[in-house]
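The values are calculated or read from the model by the stated rules, or taken from the named source; none is laboratory data. Note that this is a predicted model, so its numbers are computed, not measured. Cβ placement follows ideal geometry from the backbone for every residue including glycine, while neighbour counts extend to all protein chains displayed.
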Amino acid sequence: MSRPVLYSFRRCPYAIRARLALGQAGVAVELREVVLRDKPAAMLAISPKGTVPVLQLPDGRVIDESLDIMRWALGRHDPENWLTIGDADTQAALIARNDIGFKPLLDRYKYAERFPEKPAAAWRDEAVAVHLADLDGRLAHAPYLFGATPALADAALFPFVRQFAGVDPAWFDMAPLPALRRWLAGWLGSDLFAAVMKKQPPWRAADGCA
């Protein structure tokens, strides 16, 4: 293995944020696009939990948490100082709130038929109250969460806000979240996002060595 192997799924927000950091750091990987209903044995052999992203390094080490992949990549090369912009504790708190508090509400909003105890709009409004309204307030004063340039938290949160906006685009376009919409549009229009979202055919073990 001459370069790291990344098992990924194009639309997964966890995989997107890992690919953003790898792309930002200029780390070339062998990208293996996974079909989630038919996960490759090669991936399960190195990460039995069966979730993406999974990064296997040339020395055999495996990193199978998206934030750890981000930090590993940026630890090698961080050209815009994503790791050091802003207060580290505040960055960590925003990411934790996204992953622990907001993501379950996003899932309930997106798949409301699976959670009939509340209508979709109730899950949506709770997600805004828990997380998105605060992000909008922060972004009202600066282009990014910690100032004039992106930080780790911006890249870590963006794919989840993108997914939220996509549930009901017409509602999101009119929602009282103008700064968040501007921030989201900036990420969506970035060259980095375009690069990491290029479509790949599903990987098969026969395509290369496992």
> Residue check, G166 against (1) over 22 Å from L20 (Cα atoms); (2) exposed (fewer than 14 other Cβ atoms within 10 Å of the Cβ), all met but one. Which one?
Replying inline: (1)
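Scanning for something polar (S, T, N, Q), surrounded by fewer than 18 Cβ atoms within 10 Å (Cβ to Cβ) and closer than 28 Å to E33 by Cβ, does segment 183-199 turn up at least one residue?
Taking segment 183-199 first, the residues polar (S, T, N, Q) are 190.
Among the residues that remain, those that are also surrounded by fewer than 18 Cβ atoms within 10 Å (Cβ to Cβ) are: 190.
Now drop any that are not closer than 28 Å to E33 by Cβ, which leaves 190.
Yes, some residue in segment 183-199 is polar (S, T, N, Q), surrounded by fewer than 18 Cβ atoms within 10 Å (Cβ to Cβ) and closer than 28 Å to E33 by Cβ.
With respect to P159, is the statement that it is at negative phi, buried (at least 21 other Cβ atoms within 10 Å of the Cβ) and in contact with a strand residue (DSSP E or B) (Cβ under 6 Å, 6 or more places away or on another chain) true?
Numbers: at negative phi: yes; buried (at least 21 other Cβ atoms within 10 Å of the Cβ): yes; in contact with a strand residue (DSSP E or B) (Cβ under 6 Å, 6 or more places away or on another chain): no.
No.
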> Going by the conditions given, is A93 of a type in the set (G, A, S), at pLDDT below 95 and within 22 Å of D154 (Cβ to Cβ)?
Replying inline: no
> Of the residues V54, V35, V29, which is of a type outside the set (G, A, S), without any contact (Cβ under 8 Å) to a residue 40 or more places away in the chain and not assigned by TED's automatic domain parsing to the domain that holds D99?
Replying inline: V29
>> If I ask for residues that are more than 18 Å from the chain's Cα centre (by Cα) and hydroxyl-bearing (S, T, Y), which ones from segment 34-63 would you list?
In response: S47
>> So for segment 95-116 (the condition being under 20 Å from R11 (Cβ atoms), of a type in the set (S, T, N, Q), surrounded by 15 or more Cβ atoms within 10 Å (Cβ to Cβ) and in contact (Cβ under 8 Å) with a residue 40 or more places away in the chain), does at least one residue qualify?
In response: yes
> Does segment 114-146 hold any residues that are of a type in the set (K, R) and either farther than 25 Å from P79 by Cβ or part of a loop (DSSP other than H, G, I, E, B) (or both), and which are they?
Replying inline: R114, K118, R124
> What number of residues in segment 69-82 are out of contact with any Ser or Thr (no Cβ under 9 Å at 6 or more places or on another chain) and either under 18 Å from V196 (Cα atoms) or not in a helix (DSSP H, G or I) (or both)?
Replying inline: 8
>> Checking the structure you have, find out if any residue of segment 122-138 is touching a residue at least 40 places away in the same chain (Cβ under 8 Å) and either assigned by TED's automatic domain parsing to the domain that holds L22 or within 29 Å of V29 (Cβ to Cβ) (or both).
In response: no
>> Out of A155, A194, A165, I need the residue that is out of contact with any Ser or Thr (no Cβ under 8 Å at 6 or more places or on another chain), part of a helix (DSSP H, G or I), among the small types (G, A, S) and touching a residue at least 24 places away in the same chain (Cβ under 8 Å). Which one?
In response: A155
> Which condition breaks for T149 when tested against (1) farther than 26 Å from R32 by Cβ; (2) outside any loop (DSSP other than H, G, I, E, B)?
Replying inline: (2)
> Does R3 meet the test of being of a type in the set (D, E, K, R), outside any strand (DSSP E or B) and surrounded by fewer than 13 Cβ atoms within 10 Å (Cβ to Cβ)?
Replying inline: yes
>> Please verify whether W203 is assigned by TED's automatic domain parsing to the domain that holds C12 and either surrounded by 15 or more Cβ atoms within 10 Å (Cβ to Cβ) or small (G, A, S) (or both), treating the condition exactly as stated.
In response: yes
